[in-house]
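Q: Please read through the structure below; I'll follow up with questions.
The values are calculated or read from the model by the stated rules, or taken from the named source; none is laboratory data. Everything numeric in this text was worked out from a predicted model, so none of it was measured. Positions of Cβ are backbone-derived with ideal geometry, glycine not excepted, and every protein chain shown enters the neighbour counts. Ligands, DNA and RNA are stripped out before the accessible areas are found, and what is left, the full protein with its side chains, is counted by its heavy atoms. Shrake-Rupley method; radii C 1.70, N 1.55, O 1.52, S 1.80 Å.
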Amino acid sequence: MRGGPGDAERRQRWGRLFEELDSNKDGRLDVHELRQGLARLGGGSPDRGAQQGISPEGDADSDGGLDLEEFFLYLQEREQRLLLLFHSLDRNQDGHIDVSEIQQSFRALGISISLEQAEKILHSMDRDGTMTIDWQEWRDHFLLHSLENVEDVLYFWKHSTVLDIGECLTVPDEFSEQEKLTGMWWKQLVAGAMAGAVSRTGTAPLDRLKVFMQVHASKTNRLNILGGLRSMIQEGGVRSLWRGNGINVLKIAPESAIKFMAYEQIKRAIWGQQETLHVQERFVAGSLAGATAQTIIYPMEVLKTRLTLRRTGQYKGLLDCAWRILEREGPRAFYRGYLPNVLGIIPYAGIDLAIYETLKNRWLQQYSHDSADPGILVLLACGTISSTCGQIASYPLALVRTRMQAQASIEGAPQLSMLGLLRHILSQEGVRGLYRGIAPNFMKVIPAVSISYVVYENMKQALGVTSRPPASSGTRSSVLRQYWILDPLADPRSPCFKSWISKLGHWILDIEKPQRTGS
């Protein structure tokens with residue numbers, strides 16, 4: 001079914017809909033009438049953009065309302081977009097969407113739904129009892145239904161940009177097309193970098209203690225948290241607790257920028273113009289971007305470890321440390337521990353992304369009836385849980401990396417490879433030896449997340465980042481887009497297109513009221 005009814009029949013149907021919405025019969029639709037009409041037709045409450053009134057840019061004659069012709073033009077555009085989405089779901093192109101095609105579409109987005117759930121989605125639109133959805137059923141069901149704006153989901157659920165716990169191995173956040181066009185993306189990255197700098201400075205003593213325990217703690221040397229702090233203060237005073245923090249802060253900006261640019265380029269190189277990636281594709285692109293960034297800035301990681309572990313008076317500063325390493329150990333020393341570091345990206349990024357997406361989808365499915373904004377506590381909890389789980393999985397590789405970076409600076413320490421060091425730790429200390437220093441690492445998570453979030457929000461205000469992406473304007477249909485926000489069907493290549501399917505399913509599965517039977 002690729003055509004649909006003729007123009008005359010279509011205009012008659014739209015005309016009846018216009019008359020039904022035009023409650024005062026003045027031949028125009030205003031905000032109040034559209035709000036009442038959507039509620040009466042089962043479209044739900046209009047979105048927040050509707051509260052601001054009708055946009056003059058979308059009103060062809062700038063009179064603050066929609067006449068019949070303007071209404072027809074909008075619905076014509078929307079039907080075309082709905083038809084594109086219908087064909088993308090109709091995988092075998094037989095003109096009908098069945099249960100298996102619904103399950104396949106959700107599975108491609110990383111969302112697993114049961115046969116019963118898929119049947120519930122299908123039944124909500126199936127008017128003729130065939131257990132399939134044809135074009136007319138699809139069109140009539142969604143022509144005037146309002147759904148949660150997917151750009152809001154992208155905006156409110158960023159966590160690798162917002163939350164900094166000292167590791168940069170997470171998959172980069174997605175930015176909407178609107179954020180890229182308006183320049184909000186780089187302001188958010190700058191806000192994230194500043195938040196990371198303050199957060200890392202605030203938790204630097206715990207980070208130095210973690211590195212200290214990773215390298216020096218053993219079965220024979222039962223170094224604990226208090227003992228480690230006491231030892232560092234006795235050796236270099238309270239200021240010594242911040243050793244290595246300068247370069248740890250300095251590497252945030254280049255690492256974040258390189259990872260973001262690499263992520264965008266890898267997406268285009270592998271998937272072409274496909275803007276929206278499935279969860280698995282995001283993991284692949286994010287891991288490759290992380291590996292690219294780590295490859296470029298890895299000498300800074302080695303310098304950070306050496307400066308963190310240095311004794312009083314050992315180095316005059318960053319450049320002196322770099323010169324001494326180069327002079328005594330050669331350029332290869334700047335990439336000691338590189339292999340376990342890169343390998344650690346896979347479990348960290350994979351588990352962090354999987355758990356965060358699971359928690360996000362669960363929340364959106366159950367609680368996002370009015371807004372995609374999860375609130376501070378939910379966002380912090382989801383980000384903290386996912387990042388902590390990722391750290392637990394990758395921690396043994398992080399410990400091996402740190403010891404390999406520090407080997408040459410420790411007198412009498414054996415110069416072992418990654419596998420040799422793993423075998424040595426397991427034989428001498430057992431599995432527990434792979435988790436030396438994880439206690440202070442856990443202790444810094446909550447303060448790091450809290451500090452980074454507070455600083456990020458304040459930096460956003462200082463940089464003029466809007467509370468949510470602004471709605472697009474300048475087209476005739478933007479009047480009604482005040483009700484459907486940024487229309488996710490506007491471009492099948494946009495970040496909204498496939499994600500809209502996911503949000504669509506969540507909304508249908510939760511809706512309790514009877515569905516509209518069509519026009």
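Q: Yes or no: the stretch 159-171 includes at least one residue that is among the hydrophobic types (A, V, I, L, M, F, W, C), over 30 Å from residue 396 (Cβ atoms), outside any helix (DSSP H, G or I) and at pLDDT below 70. Please lay out each step first, then the result.
A: To start, the set of residues in the stretch 159-171 that are among the hydrophobic types (A, V, I, L, M, F, W, C) comprises 162-163, 165, 168-169, 171.
Applying the additional criterion that residues be over 30 Å from residue 396 (Cβ atoms) yields none.
No: zero hits.
Q: Can I ask one more? Which residue out of 426, 397, 419 is touching a residue at least 12 places away in the same chain (Cβ under 8 Å), more than 16 Å from residue 212 (Cβ to Cβ) and not acidic (Asp, Glu)?
A: 397
Q: Here's something else I'd like to know. Which one is nearest to residue 90 (Cα to Cα) among residues in the stretch 127-156 that are among the acidic types (Asp, Glu) and at pLDDT 75 or above? Don't jump to the end; show me each part of the working.
A: Keep residues of the stretch 127-156 that are among the acidic types (Asp, Glu), which gives 128, 134, 137, 140, 148, 151-152.
Filter once more, so that each one left must be at pLDDT 75 or above: 128, 134, 137.
On the way: 128: 18, 134: 9, 137: 13 Å.
So the residue we want is 134.
Q: If you go through the stretch 34-52 one residue at a time, do you hit one that is charged (D, E, K, R), modelled with pLDDT of 55 or more, open to solvent by 40 Å² or more (accessible area, probe 1.4 Å) and within 30 Å of residue 283 (Cα to Cα)?
A: No, that holds for no residue.
Q: Okay, moving on. Residue 283 - would you say it is among the aromatic types (Phe, Trp, Tyr) and farther than 16 Å from residue 170 by Cα?
A: Spelling it out, it is not the case that residue 283 is among the aromatic types (Phe, Trp, Tyr) and farther than 16 Å from residue 170 by Cα.
Q: Inside the stretch 394-427, can you point out the residues that are surrounded by 20 or more Cβ atoms within 10 Å (Cβ to Cβ), out of contact with any Gly (no Cβ under 6 Å at 6 or more places or on another chain) and farther than 16 Å from residue 334 by Cα?
A: Those that are surrounded by 20 or more Cβ atoms within 10 Å (Cβ to Cβ), out of contact with any Gly (no Cβ under 6 Å at 6 or more places or on another chain) and farther than 16 Å from residue 334 by Cα: 395, 396, 399, 421.
Q: Being open to solvent by 40 Å² or more (accessible area, probe 1.4 Å), modelled with pLDDT under 70 and outside any helix (DSSP H, G or I) is the filter; apply it to the stretch 96-126 and report the residue that is farthest from residue 78 (Cα to Cα).
A: Taking the candidates together, the pick is 114.
Q: What single numbered condition from (1) closer than 18 Å to residue 345 by Cβ; (2) modelled with pLDDT of 90 or more fails to hold for residue 277?
A: (2)
Q: If you take the residues in the stretch 327-353 that are assigned to a helix (DSSP H, G or I) and among the charged types (D, E, K, R), which one is least open to solvent (accessible area, probe 1.4 Å)?
A: It comes out as 352.
Q: Looking only at the stretch 205-251, filter to residues that are hydroxyl-bearing (Ser, Thr, Tyr) and outside any loop (DSSP other than H, G, I, E, B); which one of those is most open to solvent (accessible area, probe 1.4 Å)? Quick ask: steps written out before the conclusion?
A: Taking the stretch 205-251 and keeping what is hydroxyl-bearing (Ser, Thr, Tyr), we get 218, 220, 231, 240.
After this cut, where a residue has to be outside any loop (DSSP other than H, G, I, E, B) as well, the list is 231, 240.
Numbers: 231: 46, 240: 2 Å².
Only one residue tops the list, namely 231.
Q: Moving on. Across the stretch 287-313, what is the total count of residues that are open to solvent by 40 Å² or more (accessible area, probe 1.4 Å), free of Cβ contacts under 8 Å to residues at least 40 places away in the same chain and not aliphatic (A, V, I, L, M)?
A: Here the count works out to 2.
Q: Quick check, is residue 436 touching a helix residue (DSSP H, G or I) at 6+ places or on another chain (Cβ under 8 Å), of a type in the set (D, E, K, R) and at pLDDT below 95? Outline the logic, then answer.
A: Working: touching a helix residue (DSSP H, G or I) at 6+ places or on another chain (Cβ under 8 Å): yes; of a type in the set (D, E, K, R): yes; at pLDDT below 95: yes.
Yes: the conditions hold for residue 436.
Q: Kindly indicate whether any position in the stretch 310-326 is in contact with a Ser or Thr (Cβ under 8 Å, 6 or more places away or on another chain) and assigned to a helix (DSSP H, G or I).
A: No - not one qualifying residue is present in the stretch 310-326.
Q: Looking at (1) open to solvent by 40 Å² or more (accessible area, probe 1.4 Å); (2) at pLDDT 90 or above, which one does residue 391 not meet, given that it meets all the others?
A: (1)
Q: Taking the stretch 428-444, which residues are part of a helix (DSSP H, G or I) and either of a type in the set (Ser, Thr, Tyr) or buried (at least 19 other Cβ atoms within 10 Å of the Cβ) (or both)? Please lay out each step first, then the result.
A: As a first pass, look at the stretch 428-444 and keep what is part of a helix (DSSP H, G or I): 428-429, 431-435, 438-443.
Once the filter is applied, which keeps residues that are part of a helix (DSSP H, G or I) and either of a type in the set (Ser, Thr, Tyr) or buried (at least 19 other Cβ atoms within 10 Å of the Cβ) (or both), the stretch 428-444 yields 435, 438, 440, 441.
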